[in-house]
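Accompanying notes for the structure given below.
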Amino acid sequence: MERGFLFVGDPLADAVIAEAEQLGAGGRRLLEQGLTDGLASLQAPPPAVKALLQQLEAQPDGAEPEGAGSHSAGSDSAGLSSALPSDLADGDRATQAIPPPWDVVAFAVSMMYVYASPPIARVLAYTGRLTADAPRRLSETGAWRSRAVLPGGLLPGAPGYVATARVRLMHARVRAMALRDGWDTERRGSPINQVDLARTWLAFTIVPFGCLSEVIGIGLSDAEERQLYRYWRHIGRLLGVDDAIIADIREHADAAELLAVLDKTAELPGDYSRELTAALFDYATEGLARIPELGMSSSAWRSVLGAITRASLGDQVSDALGISRTAPGDFLPPFTRAQVAARNAQIADPDEAEKARQRHIAIRRQRV
């Protein structure tokens, strides 16, 4: 990954924020209408809004066929995402396949990986109320993820599509504020730069699914893994991640290569990361304890989540994040064994996998 990406934000979204400041409330109303009703609903869209909406609404082109190998020729020829129309209709089938409570645990591990990055934590600290606003931020991020992975969620105008575009514009607003207030770009790179965006993208692909598979034993079929990356390349494009960074990532092995590059050059977590992680532990473990059928307290989940995080992120990063070491032994709760066995049976039986997916979709819809 080129070092120059440290100094690149999101030119399309940045231009929209600059344009909105000039146009005022009228420009913001046009932008919101374009997100929900589409570019075609605007009679005379401002140039930056038009350019962003055109990129957001561009349909997948040159898509790799279902079942293609990891580096199929002909895909991404137009710099687009390779998501198939059926992917957008179905949603993220890999994420939908994960049973409760492990979808919540996977989300927590995702966010811990994001928070472990000092540059990202520094930007969050810059926005103010670092830990006081943490529950709201986590709730909003969780709601965005749920909307984005549901069937049809990323179709233009759908809740996940609109939420993803709003996340992208929020990043651009924070970037503009930081730069206006004297952010040291030469030393720190651009706020919320392409490296930060790539790290966040990995936090919802290889990081949680590597944890689920290697630590808990809940894996994906080959088809689910391929669909995961087709779908999230599309999300990456909607979020403003440069195609050059993720266009060739089609399976865990590809993502692991990028992950290794980013981790090799990453700083160890600092004070801001530790504060965010502590707030995340409170949020996640209290939420898990509210699932009555699991019958586990928040303190019990804290031990489980701490052990899983250490196994996923490693002792060095976990120590820097202030995550307590747990006693050695089998830290997974008793019901895990049955869920792992059920998941393995689903991978072997597509009909059973589809039944489970539909159950999980219903749970996600209730949460949203």
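Coordinate-derived values only; no laboratory data. In this text the structure is predicted, and so the values were computed from the model without any measurement. Cβ sites come from the backbone with ideal geometry, for glycine too, and all protein chains shown count toward neighbours.
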For Ile363 and Met170, what is the calculated FRET efficiency with R₀ set at 25 Å and r taken between the beta-carbons, to the nearest 0.05?
0.40
With a sphere of radius 14 Å drawn around the Cβ of Val317, what net charge do the other residues whose Cβ falls strictly inside it have (Lys, Arg +1; Asp, Glu -1)?
+1
In a shell of Cβ-Cβ distance under 12 Å around Arg145, excluding Arg145 itself, what net charge do Lys and Arg (+1) and Asp and Glu (-1) give?
0
Total charge dipole magnitude, the chain, about the Cα centre, Cβ charges on Lys, Arg, Asp, Glu only, Debye to nearest 20:
1100
In what order do Leu169, Leu52 fall by count of nearby beta-carbon atoms within 10 Å, going from fewest to most?
Leu169, Leu52
Over its alpha-carbon atoms, segment 255-337 yields an Rg and a Dmax in Å of 14.4, 42
What whole-number value in cubic angstrom gives the convex hull volume per residue for the C-alpha atoms of segment 189-311?
140
Two-site FRET efficiency, Leu268 against Ser324, from Cβ-Cβ distance with R₀ of 25 Å, rounded to 0.05:
0.90
Based on other C-beta atoms within 10 Å, arrange Lys264, Lys355, Lys50 from fewest to most.
Lys264, Lys355, Lys50
Rounded to whole Hz and in sequence order, give me ³J(HN,Hα) for segment 11-20 from the Karplus expression 6.51 cos²θ - 1.76 cosθ + 1.60, θ = phi - 60°, writing x for Gly and Pro.
x, 5, 5, 4, 5, 5, 5, 5, 5, 5
Principal axes of segment 94-164: Cα extent on each, largest first, Å:
35, 28, 19
Can you tell me the length gained on complete extension of the stretch Ser297 to Gln33, counting 0.36 nm per residue apart and subtracting the Cα distance?
90.6 nm
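Given Cα pairs under 8 Å that are at least 6 residues apart, what percent is the relative contact order of the chain? Walk me through the numbers before you get to the answer.
Details: 467 pairs, mean separation 90.7, N = 368.
Relative contact order, the chain: 25 percent.
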Order of Thr200, Thr95 under a 10 Å beta carbon neighbour criterion, fewest first:
Thr200, Thr95
Correct option for semi-axes √(5λ) of the Cα gyration tensor in Å [calculated from the coordinates] among [x] 39, 25, 16; [y] 32, 26, 20; [z] 35, 21, 20:
[y]
When you count, for each residue, the other Cβ atoms within 10 Å and take the mean per peptide, how do 190-196, 36-42 rank with the highest first?
190-196, 36-42
Convex hull over the Cα atoms of segment 72-219, averaged projected area in nm²?
10.8
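Output the peptides 358-366, 111-119 sorted from most to least packed, where packing is the average of other Cβ atoms within 10 Å over each peptide's residues.
111-119, 358-366
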Less than 13 Å from a label point 7 Å out along the Cα-to-Cβ axis of Arg3: which backbone N atoms in segment 189-225 qualify, by residue?
189
Specify the inter-centroid distance of segment 118-193 and segment 319-357, based on alpha-carbon positions, in whole Å.
30
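Helix-derived [θ] at 222 nm for the chain: sum -39500 (n - 2.57) over DSSP H runs of at least 4, divide by residue count, nearest 500? Let's see the in-between values first.
Working: 20 runs with 237 residues, N = 368.
Here the helix-only value at 222 nm equals -20000 deg cm²/dmol.
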How would you order 288-296, 131-139 from highest to lowest mean count of nearby Cβ atoms within 10 Å?
131-139, 288-296
